[in-house]
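Just below is one structure, and these are the notes that go with it.
The values are calculated or read from the model by the stated rules, or taken from the named source; none is laboratory data. Just so we're clear, the structure is a prediction, and the values are computed from it rather than from any experiment. Note: ideal-geometry Cβ built from the backbone for every residue, glycine included; neighbour counts use all protein chains shown. SASA here: full protein model, heavy atoms, side chains in, ligands and nucleic acids out. Shrake-Rupley method; radii C 1.70, N 1.55, O 1.52, S 1.80 Å.
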Amino acid sequence: MSTSNFQYQAFGFNLLSDILLPELSKKLLIANEQNSISVVSGNYGNWPSIEASPHSTQCLQLAANEWRLALESIGWFRAAAGESLEYQRWDDSVSNRDLRTFLVTSGLGALAIQRACLVLHGTALERNGEAVLLLGRPATGKSTLSWCLQQHGWQLISSEIVVVDKNMKICPGVQQLKLWHDAAVALDLDWQQLPFVRRGLKRYALLGDQLNCLESAAPLRCIYQLMRERQQSKSEADVLAASIKSSQAFSQQHALLVLRNNAFHARVVRGMECEQQLFMQASALARSVPIYTLRVPDVIRAMKNACAMVDLLDPASIQEPNIEEGTKGESDA
């Protein structure tokens, strides 16, 4: 294995890595190498055999405390027992950025689950010492909304995957925003100067000095399930004046369903035999932190305008009465 030359923090853990991971914080916790996670290049041919779970697929192999991902033209990845994350690139043409796309999301997410963390698919931001968590399926606009909120004093804690600890605090994680081409254009970003997330995707990465990031954990004030709302008016003025609104708080039963539906990822949780762990953690969170629907304009410029007039730390101030609870009928993902 390679020598670990870089040190980072993610989800409350220290990482010792042999590959540069600029998406993670360099501000380490109290030094404790015995409790650190190693991120190192390995040889998938030397990995021990496992009895794969029925939840495995052709490219994803799962077992208790074991996660393995094989991606053609990218490489092989393995998270083991919450202690190590190994990778092997497909060939020398695979860039570090392509590897990092899976190391700092799926790989670290699997490790956090192995370490008995509650891992959710979402984006968390902080302002005035408190955090909000945005949940939503891919392409619902979490990164776009987060960038807009950053222009009004919010700091990014983690994007794409979020860990909520037992004290209902959110730990710094993946500090990167990914914007599709249409969003970058609508937000007047110099997209030609932005790196692609990975080959074959017209999606750009914002990180480092392009973002305001928090490097310490923050208590979770509330959770929003994000929904894009298409405006019915044909008037451009009306469309651009659309507001952001929240629902009344969900019942605990509905809140639990929302959390389970936004687990990162349900198949991985089941395949690593952590479903009971997820249920207990999600139940505790549903009892402790209110969850709302957050309806945001579908038009990006309207979303940007609306962010100047909302306080997500005060859901009552943006509450719209008699909104149906959006996803009551959704089944577990």
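Of all DSSP beta bridges confined to the chain, the antiparallel ones make up roughly 70%. For segment 168-183, 3J(HN,Hα) computed residue by residue from phi via the Karplus equation (6.51, -1.76, 1.60; θ = phi - 60°) reads 6, 10, 9, 8, x, x, 7, 9, 8, 10, 10, 10, 6, 4, 5, 5 Hz, glycine and proline entered as x. Once the C-beta distance of residue 93 and residue 280 is scaled by a Förster radius of 35 Å, the resulting FRET efficiency is 0.20 to the nearest 0.05. The 3J(HN,Hα) values that the Karplus relation (6.51, -1.76, 1.60; θ = phi - 60°) gives for segment 84-98 are, in residue order, 8, 10, 9, 8, 9, 6, 4, 7, 5, 7, 6, 7, 4, 4, 4 Hz. Gly and Pro appear as x. Normalised by 2.2 N^0.38 Å, where N is the number of residues, the alpha-carbon radius of gyration of segment 1-116 equals 1.02. Computed from the C-beta positions of residue 211 and residue 35, the FRET efficiency with R₀ = 30 Å rounds to 0.60. Label sites at residue 27 and residue 152, each approximated as a point 7 angstrom past Cα along Cα to Cβ, lie 2.4 nm apart.
Split the accessible area of the chain by element, probe 1.4 Å, and carbon with sulfur accounts for 46%.
Here is the size of segment 159-282 from its Cα atoms: Rg then Dmax, 18.3, 52 Å.
Between segment 140-196 and segment 61-86, the alpha-carbon centres lie 26 Å apart.
Could the peptides 185-192, 206-213 be put in order, highest first, of the mean number of other beta-carbon atoms found within 10 Å of their residues?
Details: 185-192: 12.8, 206-213: 15.4.
The peptides rank, most packed first, as 206-213, 185-192.
Protein heavy-atom accessible surface, 1.4 Å probe, per residue over segment 199-300: 49 Å².
Computed extension length for residue 182-residue 270: 28.1 nm, one decimal, from 0.36 nm per residue of separation with the Cα-Cα distance subtracted.
Please give the FRET efficiency for residue 231 paired with residue 252, using the beta carbon to beta carbon distance and R0 = 30 Å, rounded to the nearest 0.05. Approximately 0.40, to the nearest 0.05.
Over the chain, the ratio between the Cα radius of gyration and 2.2 N^0.38 Å evaluates to 0.99. In whole angstrom, segment 102-175 maps to an equivalent ellipsoid with semi-axes of 20, 15, 9, each derived as √(5λ) from the alpha carbon gyration tensor and ordered largest first.
For the chain, the longest principal axis of the alpha carbon atoms and the long axis of helix 252-261 meet at an angle near 50°.
At the listed q of 0.17 Å⁻¹, the Debye profile of segment 48-136, built from one uniform point per Cα, gives log10 I(q)/I(0) equal to -0.79.
Spacing of the modelled spin labels on residue 168 and residue 314, each 7 Å from Cα toward Cβ, amounts to 2.0 nm.
Determine by what factor the alpha-carbon radius of gyration of segment 176-228 differs from 2.2 N^0.38 Å, reporting the quotient.
Ratio of Cα Rg to 2.2 N^0.38 Å: 1.40.
In degrees between 0 and 90, to the nearest 10, how far off the longest principal axis of the chain does helix 275-288 point, with axes built from Cα atoms? Helix 275-288 sits at roughly 30 degrees to that axis.
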